[in-house]
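Written below as structure tokens is the structure these notes are about.
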Amino acid sequence: MNSHDPFTLALSLILSGDPGLFGIIGLSLQVSLSAVLVASLIGLPLGAAIALFRFPGRGVAITLLNALMGLPPVVAGLLVYLSLSRAGPLGQFGLLFTPTAMVIAQTLLVLPIIAALTRQAIEDLWEEYREQLQSMGSGRARAIPTLLWDARITLTTAVLAGFGRASAEVGAVLIVGGNIEGVTRVMTTAIALETSKGDLPLALALGLVLLALVAAVNATAYLLGQASRRHMQ
């Protein structure tokens, strides 16, 4: 194989531990994992609360959550951009074109996924164990931690689904991050940029790493799903 072949050079970048390549990968993981953590801390209890409590507008809330699962990334990025720009309500904090802005944008995309999937899982469990929990004197609020723990495998799959979307997202982070080298350049935005510049080895190296990451997430989600089905049998 030709030593100047893009695939050969891409593998060489990965195997040699190229600092530029791994700097981009590190920032990507930092942003996506932070977004998933924040989204999980909000989305898990939020989804459980919507599943268990009855309140005016609950149907609207469920419909909105399900609709937001398909929120276009560029729209999420635009909303965050408007909020963080100088004329926006959060402009005074100077967060635009920083990793923090990217975390906020990805959180906005991931939160509905985690909350909606959590709601469905907890609602199903509540229907199954409601009488048992109530006989033990456990009300709806007290049942939330128990049900979240019982659904931990399913919910881990939901969190992985959120991470998969965050790590593969490009539109929102490009709008709010600006794709600044060494500051806000992540794998997806770097692939787009390097391809347009003709730097195919770096773009391919990042693409291979991203594919491996997505494959690992999907494989883990599949194995957890299998484990969940065995646990319920």
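The values are calculated or read from the model by the stated rules, or taken from the named source; none is laboratory data. Model, not experiment: these values are computed from the prediction. Please note: Cβ atoms are built from the backbone with ideal geometry, for glycine as well, and neighbour counts cover all protein chains shown. Heads up: the accessible areas ignore ligands, DNA and RNA and are worked out on the full protein's heavy atoms, side chains in. Shrake-Rupley method; radii C 1.70, N 1.55, O 1.52, S 1.80 Å.
Annotations
- Leu109 of a type outside the set (Gly, Ala, Ser), farther than 16 Å from Ile25 by Cβ and surrounded by 23 or more Cβ atoms within 10 Å (Cβ to Cβ): yes
- When restricted to residues that are buried (at least 16 other Cβ atoms within 10 Å of the Cβ) and of a type in the set (Ser, Thr, Tyr), the range 2-58 contains 4.
- Count - residues of the range 60-94 that are farther than 23 Å from Ala168 by Cβ, open to solvent by 80 Å² or more (accessible area, probe 1.4 Å) and of a type outside the set (Lys, Arg): 8
- Wholly enclosed helices (runs of 4 or more DSSP H) of the range 120-233 bearing at least 1 residues open to solvent by 50 Å² or more (accessible area, probe 1.4 Å) and in contact with a Pro (Cβ under 7 Å, 6 or more places away or on another chain): 200-232
- Some residue of the range 34-50 being assigned to a helix (DSSP H, G or I) and touching a Phe, Trp or Tyr at 6+ places or on another chain (Cβ under 6 Å): yes
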